[in-house]
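One structure is given here, and the rest of the page talks about it.
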Amino acid sequence: MTVHGSAGPARDWIRSYAARRGRRSALTLERMERFLPEREIPDGPLDQQRAFGRVAPLVLEIGCGHGAAAIAYCRTHPEHDLLAVDVHTPGVARMMAAAHEAGVPNLKVVMGDAVFVLRDRIAPGTLHAVHLFFPDPWPKERHAKRRFISAFTLDLIASRLTPDGALLIATDQGFYAEHALAALEEHGGWQVVLGQRPPWRPTDGFEAKGIRHKRTIHEIRATRA
C-alpha cells in the first residue's frame, strides 16, 4: 500500500518532524522545571486514572505548537482530557505556562514521537479524537514520505480510536490536504467530512499566517465508517 505521491511504500519509522537544535533559553528551562513534573504523564502505557485523576473522553493532539488549540479545547471541554504530544521543548514549555495561567487541569503532555506514543502508550479503542492541526507539510516531493499521514499512521490511529472517535486534520497547504484525503481513501474504512472548522479552535500560529497569505484553510474530519 502506498500513500499519495511518489514517496514509495509507507515505512514504519520515517520521522515526520525536523530536529531543532540550539540552546534553550533560561525562561524555557525555568518553565520546564516548574511545570513539567505536574503535566507530564508517568512512563509506560497510559493509565488515565493515574495521569488525570479520572477516566474521561481522551483526546490526543499531535504537534501542539505553543498550545493555543490544546488549551482552548480544554477550556471549552472540561469534561474531556487532552494529551498533547510534541518534541520541541520551547513550544511545550510555553504551552505549559499558558495552561497554568489558564487554570486548565485536564491537559497533560508527552515529550516524544507521536508514533511511539500511539503504538506503545495508548491502548486500542480509547481515544475520543486525534487532532492534527497544521502539521509540517514537507512540501518537496522527495520528502513526502515524512508527512505524518500515511497508511502506517492511519492503521495506528484507526486502532486507537473509539468506534465513534474522529481524526481532525487542518492545514493551509492544499497539496497536504490532497495527500491526506488520498491516504484516507486508499486506507479505506473512513467517512470523511470537509470544511467543518471546530468552533472552539482559535485562529493562531500557522492558521493565522496562512490567512494572512490568503491561503485556504482545509478542514478534514474522518471517522471510522
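The values are calculated or read from the model by the stated rules, or taken from the named source; none is laboratory data. Everything quoted here is computed from the prediction, not taken from an experiment. Backbone-built Cβ (ideal geometry, glycine too); neighbour counts: all protein chains shown.
At-a-glance table
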{"read-out": "Evaluation of residue 86 against (1) acidic (Asp, Glu); (2) in contact with a Phe, Trp or Tyr (Cβ under 9 Å, 6 or more places away or on another chain); (3) over 26 Å from residue 177 (Cβ atoms) (one fails), failing number", "value": "(3)"}
{"read-out": "Of the criteria (1) out of contact with any strand residue (DSSP E or B) (no Cβ under 6 Å at 6 or more places or on another chain); (2) at pLDDT 95 or above; (3) farther than 17 Å from residue 205 by Cβ, which one residue 108 fails", "value": "(1)"}
{"read-out": "Sole exception among (1) touching a residue at least 24 places away in the same chain (Cβ under 8 Å); (2) among the hydrophobic types (A, V, I, L, M, F, W, C); (3) out of contact with any strand residue (DSSP E or B) (no Cβ under 7 Å at 6 or more places or on another chain); (4) surrounded by fewer than 21 Cβ atoms within 10 Å (Cβ to Cβ) for residue 208, by number", "value": "(1)"}
{"read-out": "Condition broken by residue 172, with the remaining ones in (1) surrounded by 18 or more Cβ atoms within 10 Å (Cβ to Cβ); (2) among the acidic types (Asp, Glu); (3) out of contact with any Lys or Arg (no Cβ under 8 Å at 6 or more places or on another chain) satisfied", "value": "(3)"}
{"read-out": "Index of the failed condition, residue 192 passing every other in (1) β-branched (Val, Ile, Thr); (2) under 15 Å from residue 68 (Cα atoms); (3) surrounded by 14 or more Cβ atoms within 10 Å (Cβ to Cβ)", "value": "(2)"}
{"read-out": "Residue match in region 177-192 (condition: free of Cβ contacts under 8 Å to residues at least 60 places away in the same chain, outside any strand (DSSP E or B), within 16 Å of the chain's Cα centre (by Cα) and within 25 Å of residue 95 (Cα to Cα))", "value": "no"}
{"read-out": "Test: residue in region 215-225 that is modelled with pLDDT under 95 and either of a type in the set (Gly, Ala, Ser) or loosely packed, with under 14 Cβ neighbours inside 10 Å (or both)", "value": "yes"}
